[in-house]
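Okay, structure first, notes after.
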Amino acid sequence: MFDSLSDAFVQRRPRRAFAVLTPLFGLLYVFVTPPFQSPDEPQHFYRAFQISELGLIGRKTPGEAGPRAGGVLPRNLKRVADLVLDDVPHNEQRHVDPAAIRAALAIPLDPEDREFLEFPTNVLYSPIPYAPQAAAIALGRLFHAPPLVLLYLARLFNLAAWFLLVAAALRLTPVFRWVFLVLALAPMSVAQAASASADALTNGAAFLLIASIFEAAFSPAAAVDGARLLRLAVLSLVVSLCKPVYALLPALVLIIPAAGFGGRKKLRLAAAAVPAIGWGAMAAWSAAVASLSVPLQAGVSGAGQIRLILAQPGRILSAVGGMLRAHFGDHVREFVGQLGWLDVALPTALILLFLVVLAFAALADKSGAITVRWRPKALGILISVVSAAAIAATIYIVWNPVGAAGIEGVQGRYFIPFGPLLWLPLYNRKISPLLDRVGALRGTLVAFIAFTLTFGLAALLLRYYNFFN
């Protein structure tokens, strides 16, 4: 009995650290990151506003340079975004103008004055990853809040939703709680959660799905009853509707032993049903918005790229090789912390140290007598590799010109949802469970997380706010 109580106390420590660090640093990132200075945040904001008005499916309209996709929204949404953004993104000589932010706060929503706003990528997303932001915007509109206040409300609701999802994941998973904690509180992850991006709910739901499957697979007494099966089905649907490239994550249910389902027949049925629910919903949504797809830049043709790949399969492999040679280091930095509009770089030494700490956590994070065998580890890596390949292939098709020699547009933050699976092979029973036994190591790990997040805040302040002139 004492051993069980001791194990429970040890496993609660990551949850306590998360509960303390997230409100503090999450709120700081919400307000230190300037308005719209997260990747594609204006477009995410437009899509969330559209959904807040129950515009679940966007519109497509002719334009001088070709078809445009988006929606008819209040003109002042774009006016505020343009005023605050100016030419700051990717221009290190420019800083955010506080006077512009004050002026933007004074601009009313004026909901009757509308124009067609373009957000051709985001208009294809389902309403699911925008539910928190849309709820915040709908609430703000009731009080006639101006657009800039609506943006901050969207950020706050997004952060809260992500916090609840990750907190639930930390409570459920019987293994790798410290690894979940480190991954969730990486600067890139927190910055996304503190923005209006669809990535916040996507990342949180993916973590909760993985944790739920880990609970069913590795908890000695966990039987997959009706409530657990329903949770897996709902999370499969949510993750698949957030972004189709993560639709393979529900297939991780295959690591759950047959005994957990009450026999191999039920296992096969659940292993087919859980992913199928997500895949069916994803296919239905994709069909509903297929007509809204437009070329994202000159030379892009999804159909033409697919025909080329089918005719020359080696072309995509060559493009992946070109991408890795040119951008592998960028992907690693963006996985850990490339902040702002991807133009606030943390030092390479800090990025590498973060990865070393993460590897240490994976090696030293033990959970009672739980053993993770090679099959779950292999399936986790396979799902991660295939998901990464799906990300690269999708971006090659929809963003890169036909026949491009490399793949531009892949970002390391896209790999966060399956981050726990990437480190699962390091879980072992041979190395002493140092994080359970040595309090100083736990304290050092939490202090390092706080230091990394603080460094990210300092980098944002130095990049966007001109304190020295």
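The values are calculated or read from the model by the stated rules, or taken from the named source; none is laboratory data. On a predicted model such as this, the values are computed, not experimentally measured, just so you know. Quick reminder, even Gly has a Cβ in these numbers, built from the backbone with ideal geometry, and neighbours come from all protein chains shown.
Some notes on this structure:
- Condition check for residue 247: in contact with a Gly (Cβ under 7 Å, 6 or more places away or on another chain), surrounded by fewer than 24 Cβ atoms within 10 Å (Cβ to Cβ) and under 30 Å from residue 51 (Cα atoms): yes
- Pair list, Cβ under 7 Å, 6 or more apart: the range 423-442 residue buried (at least 19 other Cβ atoms within 10 Å of the Cβ), other residue at pLDDT below 85 and of a type in the set (Lys, Arg): 436/366
- Subset of the range 231-262 that is small (Gly, Ala, Ser) and either touching an Asp or Glu at 6+ places or on another chain (Cβ under 8 Å) or part of a helix (DSSP H, G or I) (or both) - its residue that is nearest to residue 218 (Cα to Cα): 260
- The lone exception for residue 59 - which of (1) under 21 Å from residue 125 (Cα atoms); (2) free of Cβ contacts under 8 Å to residues at least 24 places away in the same chain; (3) within 26 Å of the chain's Cα centre (by Cα) it fails: (2)
- Qualifying residue in the range 328-351 (condition: among the β-branched types (Val, Ile, Thr), at pLDDT 90 or above and in a strand (DSSP E or B)): yes
- Restricting 240, 212 to those that are among the hydroxyl-bearing types (Ser, Thr, Tyr), touching a helix residue (DSSP H, G or I) at 6+ places or on another chain (Cβ under 6 Å) and over 21 Å from residue 371 (Cα atoms) reduces the list to 240.
To keep it simple, each residue is scored yes or no on (1) under 24 Å from the mean Cα position of the chain (by Cα); (2) without any contact (Cβ under 8 Å) to a residue 12 or more places away in the chain; (3) in a loop (DSSP other than H, G, I, E, B); (4) farther than 20 Å from residue 158 by Cα.
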position	(1), (2), (3), (4)
87	no, yes, yes, yes
92	no, no, yes, yes
101	no, no, no, yes
134	yes, no, no, no
140	no, no, no, no
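- Taking the range 191-204 as the range and being outside any loop (DSSP other than H, G, I, E, B) and touching a Leu at 6+ places or on another chain (Cβ under 6 Å) as the test, the residues that pass are 191, 193, 204.
- Among the numbered conditions (1) within 14 Å of residue 50 (Cα to Cα); (2) crowded, with 17+ Cβ neighbours inside 10 Å, the only one that residue 153 does not meet is (1).
- Of all residues in the range 263-316, those satisfying the criterion of being among the polar types (S, T, N, Q), under 27 Å from residue 66 (Cα atoms) and not in a helix (DSSP H, G or I) are 293, 297, 301.
- Looking across the range 444-459, just one residue is of a type outside the set (A, V, I, L, M) and either outside any helix (DSSP H, G or I) or in contact with a strand residue (DSSP E or B) (Cβ under 7 Å, 6 or more places away or on another chain) (or both), and that is 456.
- Members of the range 21-62 found to be over 27 Å from residue 412 (Cβ atoms) and either part of a helix (DSSP H, G or I) or of a type in the set (Phe, Trp, Tyr) (or both), listed by number: 49, 50, 51, 52
- Look at (1) surrounded by 20 or more Cβ atoms within 10 Å (Cβ to Cβ); (2) farther than 23 Å from residue 34 by Cβ; (3) of a type outside the set (A, V, I, L, M, F, W, C); (4) at pLDDT 95 or above and you find that residue 144 fails only one, number (1).
- Residue ranges of helices (runs of 4 or more DSSP H) in the range 373-439 with at least 2 members within 16 Å of the chain's Cα centre (by Cα) and either of a type outside the set (A, V, I, L, M) or more than 25 Å from residue 258 (Cα to Cα) (or both): 374-398, 419-423
- Conditions (1) touching a Pro at 6+ places or on another chain (Cβ under 9 Å); (2) crowded, with 19+ Cβ neighbours inside 10 Å: number failed by residue 414: (1)
- Among the candidates 207, 163, 214, the residue that is under 13 Å from residue 416 (Cα atoms) and assigned to a helix (DSSP H, G or I) is uniquely 207.
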